[in-house]
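Below: the structure, in C-alpha cells.
The values are calculated or read from the model by the stated rules, or taken from the named source; none is laboratory data. In this text the structure is predicted, and so the values were computed from the model without any measurement. Glycine gets a Cβ as well: all are built from the backbone with ideal geometry, and neighbour counts include every protein chain shown. Only protein heavy atoms, including side chains, enter the accessible area calculation; ligands, DNA and RNA are left aside. Shrake-Rupley method; radii C 1.70, N 1.55, O 1.52, S 1.80 Å.
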Amino acid sequence: MRNAYPLAQTVCCVVFTALICFPLPTYALKVRPSGTLQVFTQWSTGSTLGFQSPFSELEINNNFRAAHYFQIQLDINPNEPVSATALMEIDTYWGVDDGDNGYGEFSGGQISSGGANVQTSQLFMHVEPEDSNCIGRAGLISVHMPNQIGGSIILDDTVGAIALAYRFSDTLNGSVTWGRPYDRPNTTFTQQTMDLYATSFTYAPNDQLYTLYAMYSDFGKNVAGTPPGSAWVDGGNIGIWNGFADFSGAPWAFWAGFSGKYHSPSDLVFKSDLMWGTLYGGNDPASRQGAVLLGEIDWLLHNYTVGILGWWASGDNATAYENGAGRMPFVSNQWGLTDFGYYRTALTTESSLILQDATGRWTLGLLVDDLSLIDFFTSSIKLLYMRGTNSPSIVKNNRFSPALLQGGYRNYWGTYLTTQDWLIELDTESTLKLTERLNLILRLGYIHIEVDPEVWGTSDTRDAYRAVFLFDYEF
C-alpha cells in the first residue's frame, strides 16, 4: 500500500510545475507587510496547563506572567500571477528562557534578551495564472479539512505540502493536496515518515456552503515516536497513536466527512461538521475508528448573535485495548472552539494540554457572540457542559500503556473523560477599540471538572482559572 502513492506525489509536482510554466508576465518587486503585536499579562492556576491531577506530583500555585506575541506576514508581489508569502512568529514570556541554549520557541525573555526565537509558521509560493481556473500553492502552507465550527478536528495546521484547486463554475470547486507532516530520517528514529492525500468538492450557492471531503494517510510504524508516545507532546500526531499498543507493519488511515452552512431568510444560520475516520495500526489493539458529529444554530440579531451548539463523539468501549480505540483518529489537535479549553494559535490561549480534542465526549453549549451595544466595544461568551463517552473500565483497569499514563491522562484532567466524568467551561472575551489599529482585550476562562474516584482512584481535582489582559496592535 505504501509504495502505491509516489505516483500521486509525482502528479501533484508535475501539475504545479505546469502552472509555473504558463506564460507569465514579469513585475517589479513589491512587498506588503502585515501582522500583529500582542503585549499582555495573564493570571492562571499554576501553569499553562491549567489544572493537573495529584499523579503529576506538582504543586499548583497561582501564577502571574507577562509576555508578548509577534506575528509578521510578508506578501511578495501580491495580487499577481506568481506571489510568495512568509509568515513568522515570536513567542516570549518575560524573564523566561525555555529554549535550548537560547534557541527556539519561548527563548529570549530573560535578562539581556539574547535568544534566537523566530519561528517560520508559513512559507509558500502561490501561482494563479491569468485566464485560468486553477490555483496552486507549494511550501509550508495551512492545510485544513473543511469545517464550520471551531476549525477542523482532523487536521488544521501548517504542513509542508502542494495544494491545487480548480474552479469548475461560480458555485462549484474542487481541490487536491499532498502533504508530508512528519519525517524524521534519523538513525535512532526509523520509519517515521507520514504522507497525506486529500481531496474536497464544494458547492456554494448564495449564502450556503456544502463540502464533501476525504483524506488518506500512510505512515511508518514508528511515527508515534520512540519510545511510543514521545511524539505525543509535540501535538503533531497526537490523534494517531491510541495509547494501547505499538504500531506494526504498514499502518494507514482514512477519513471522510461533510461540512455545511445554511443561512435562512429569517437570519438563522445552521452549521454542521460530520466526520468519520478509521486507522489500521498493523494490529487490532493499535487501531482506532470513530466519528464526530457537530452542529450549531445561530440567530443573527441586530446587536448580537445567540446560538446553541453541541457535538457527539464516539469513545472507547471496555474491549478497546484488544479491538482498537473507539475514538476517531486525527492528525493535529489545533482545534479552536474556545479560547481556554480548546486553543487555536499563539501562546495567549495558554491551554495546550487542557482538554486536547473533541473525541471521546459529548457536549452541549450556549453562546452569545458579537455583542455590541456601542461601536467601540464588543463581547462574547461561551458556556459548555461536557461528558465523556469512554468506558470507565479502560482507566479503572489501567489498560493504557505506562508511557501514556505517566505523561498524559492521569497527569492532566480533562484530556480523557469517561462516562462517569463531566466538566463545565465558561469563556468570555471583551474587546475595547482604542484606535483604528489598537485594541484592548480582556479574556476570562474557567473550567470545573468532576471525576469518579472509583475510576481514577481519587477525586482531588482543582478548578482552572485564567485571566488575560492584552493589548493587540495590528498593522
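Note on LYS382: lysines with a C-alpha under 27 Å away, same-chain residues under 8 apart excluded, are LYS261, LYS271, LYS433.
Measuring with a 1.4 angstrom probe and ignoring ligands and nucleic acids, TYR216 comes out at about 30 Å² accessible. Largest accessible area first, the listed residues ARG466, ARG137 line up as ARG137, ARG466 when surface is computed with a 1.4 Å probe on the assembled protein chains. Annotation: PHE64 carries an accessible surface of approximately 140 Å², with a 1.4 Å probe and no ligand, DNA or RNA atoms counted.
Where a ≥ b ≥ c are the square roots of the eigenvalues of the C-alpha gyration tensor, would you call segment 256-299 rounded, which needs a/c under 1.5, or, failing that, prolate if a/b is larger than b/c, or oblate? In terms of gyration-tensor shape, prolate. Ordering of 369-375, 284-290, 438-444, 250-256 by packing is 284-290, 250-256, 438-444, 369-375, highest average first (other Cβ atoms within 10 Å, averaged per residue). Once you list every other residue whose beta carbon is under 11 Å from the beta carbon of ASN77, what net charge do they have if Lys and Arg are +1 and Asp and Glu are -1? Net charge in that neighbourhood comes out at 0. Taking other residues whose beta carbon is less than 13 angstrom from the beta carbon of LYS433, and scoring Lys, Arg as +1 and Asp, Glu as -1, yields -3. With K and R counted +1 and D and E -1, the other residues having a Cβ less than 11 Å from that of PRO453 yield a net charge of -4. Between LEU74 and TRP43, the contour length at 0.36 nm per residue exceeds the Cα-Cα span by 7.9 nm. What the Cβ-Cβ distance of ILE297 and ASP170 gives, at R0 = 25 Å and to the nearest 0.05, is a FRET efficiency of 0.35. ARG437 contributes an accessible area of around 120 Å² to the protein surface, as traced by a 1.4 Å probe with all chains present.
Under 19 Å from a point 7 Å along the Cα-to-Cβ line of TRP94: which residues of segment 71-86 have their amide N that close? Taking a point 7 Å out along Cα→Cβ of TRP94, the residues of segment 71-86 whose backbone N falls under 19 Å are 71.
Here the calculated FRET efficiency for THR458 and ASN283, from their Cβ-Cβ distance with R0 = 56 Å, stands at 0.95, rounded to the nearest 0.05.
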